[in-house]
Structures are given as C-alpha cells and as structure tokens.
Amino acid sequence: MTPESYQLDDTDRRILLALDADPRVPTMMLAQRLGLARGTVQTRMERLASSGALRPNSSRVKPSSVGRGVSAVVSAELDQAHLEEAIVALSLIPEVLECVAPAGDTDLLIRAVAKDPDDLYRVSEEIRLCPGITRTSTSMILRDVIPYRTTALLDHLD
C-alpha cells in the first residue's frame with residue numbers, strides 16, 4: 001500500500017490530530033482521551049506507519065497520504081507594517097505547512113502543499129492575496145532529496 005492509496009477515516013484523523021497536539025502522549029492516554037480502545041489506537045498507528053502514510057519515525061502524516069502530493073516553497077515579500085496580519089491569514093490556509101522569516105530580501109518562506117499543479121496555483125493565489133503580501137514567487141518541489149533530519153547533526157556535535 002502506498003501513502004497515496006491509504007485512505008484516512010475519521011478515527012485515523014482524530015488520532016493524528018491528537019498526536020499533532022501532543023506527539024509524546026502514551027498510547028493508553030491517547031485512547032482514553034479519544035474514547036477508543038487501546039488496541040484500536042495501537043492497530044491504527046501500526047497500519048498508518050506500515051502503509052507509508054506517516055513520515056519515518058514520526059506521528060506526522062505525509063501530505064501525499066491525504067491527497068496533497070504536490071509540494072512547493074513560496075517566497076513572499078510584504079509590507080512590514082502588516083506582518084502580523086499576513087501571518088494570521090497564512091495560518092488560516094490549511095495547505096500552508098510552515099512559514100519562516102529568513103534574513104535577506106525575502107520576508108517569508110512558506111512551505112505549502114496541493115493536490116496537483118492547478119490546485120497549487122489556487123493555494124499560491126490564496127497566499128498572494130493575504131493582507132500585507134505584495135509579491136510572491138512559487139517553486140514547486142520535485143523531490144525531497146534529503147528529508148528533514150537531525151540525526152547527522154546529533155552524531156557530529158562537539
């Protein structure tokens with residue numbers, strides 16, 4: 001089963017939303033919070049992991065497993081007087097996974113996902129129309145060649 005073919009149901013979504021809020025919660029406590037049997041939660045987590053729907057060693061869902069297989073980085077320039085408004089508006093766009101403020105000419109770097117290129121256009125436009133954003137540039141990600149990691153960093157600390 002590929003992440004793209006795995007179909008999340010309401011129980012899967014409830015489990016993953018709870019884990020997103022508290023990723024270190026023990027299975028038993030998670031089951032109690034959700035009103036589910038411990039075995040149900042354990043089985044669902046194992047199925048999600050084995051299907052490839054989750055990022056490796058994580059409770060975070062791969063966007064492709066929920067139909068968002070297109071990924072992009074959007075750089076945004078903005079009117080600095082409207083920074084907070086822009087951030088609030090961006091946080092309301094479900095396809096925006098993260099947003100950082102780098103040094104340099106770009107004011108914000110936004111990682112976003114979409115269903116397909118047409119949907120990416122829609123998401124990019126939604127970002128561009130946020131209050132305070134004056135210009136955007138979207139770069140579609142073709143492949144993650146080095147996924148987010150910290151192991152190498154931890155192995156080489158002085």
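Taking the conditions exactly as written (touching a residue at least 60 places away in the same chain (Cβ under 8 Å) and part of a loop (DSSP other than H, G, I, E, B)), does P147 satisfy them or not?
yes
Any residue at all in segment 41-49 that's of a type in the set (D, E, K, R), under 18 Å from D144 (Cβ atoms) and surrounded by 15 or more Cβ atoms within 10 Å (Cβ to Cβ)?
no
From the list V66, V70, which one is touching an Asp or Glu at 6+ places or on another chain (Cβ under 7 Å), over 15 Å from R128 (Cα atoms) and surrounded by 15 or more Cβ atoms within 10 Å (Cβ to Cβ)?
V70
Looking only at segment 9-33, count every residue that is of a type in the set (A, V, I, L, M, F, W, C) and surrounded by fewer than 15 Cβ atoms within 10 Å (Cβ to Cβ) and tell me the total.
Total meeting the criteria: 4.
Has segment 108-116 got at least one residue that is at pLDDT 95 or above, surrounded by fewer than 15 Cβ atoms within 10 Å (Cβ to Cβ) and not assigned by TED's automatic domain parsing to the domain that holds R60?
Within segment 108-116, one or more residues are at pLDDT 95 or above, surrounded by fewer than 15 Cβ atoms within 10 Å (Cβ to Cβ) and not assigned by TED's automatic domain parsing to the domain that holds R60.
Report, by residue number, each residue of segment 52-63 that is crowded, with 17+ Cβ neighbours inside 10 Å and over 30 Å from R128 (Cβ atoms).
G52, A53, L54, S59
Looking for something closer than 19 Å to P147 by Cβ, part of a loop (DSSP other than H, G, I, E, B) and under 14 Å from the mean Cα position of the chain (by Cα) - is there at least one such residue anywhere in segment 67-81?
yes
If you take the residues of segment 36-56 that are touching a helix residue (DSSP H, G or I) at 6+ places or on another chain (Cβ under 9 Å) and at pLDDT 90 or above, which of them is nearest to D9 (Cα to Cα)?
The selected residue is R44.
Can you tell me which of (1) surrounded by fewer than 11 Cβ atoms within 10 Å (Cβ to Cβ); (2) assigned to a strand (DSSP E or B) is the one A103 doesn't meet?
Evaluating A103 over (1) surrounded by fewer than 11 Cβ atoms within 10 Å (Cβ to Cβ); (2) assigned to a strand (DSSP E or B) leaves (2) as the failure.
Assess whether L90 counts as being buried (at least 16 other Cβ atoms within 10 Å of the Cβ), assigned by TED's automatic domain parsing to the domain that holds K115, at pLDDT 90 or above and under 30 Å from P117 (Cβ atoms).
yes
The values are calculated or read from the model by the stated rules, or taken from the named source; none is laboratory data. All values derive from a computational prediction rather than experimental measurement. Don't worry about glycine lacking a Cβ; one is built from the backbone with ideal geometry, like all the others, and counts go over all protein chains shown.
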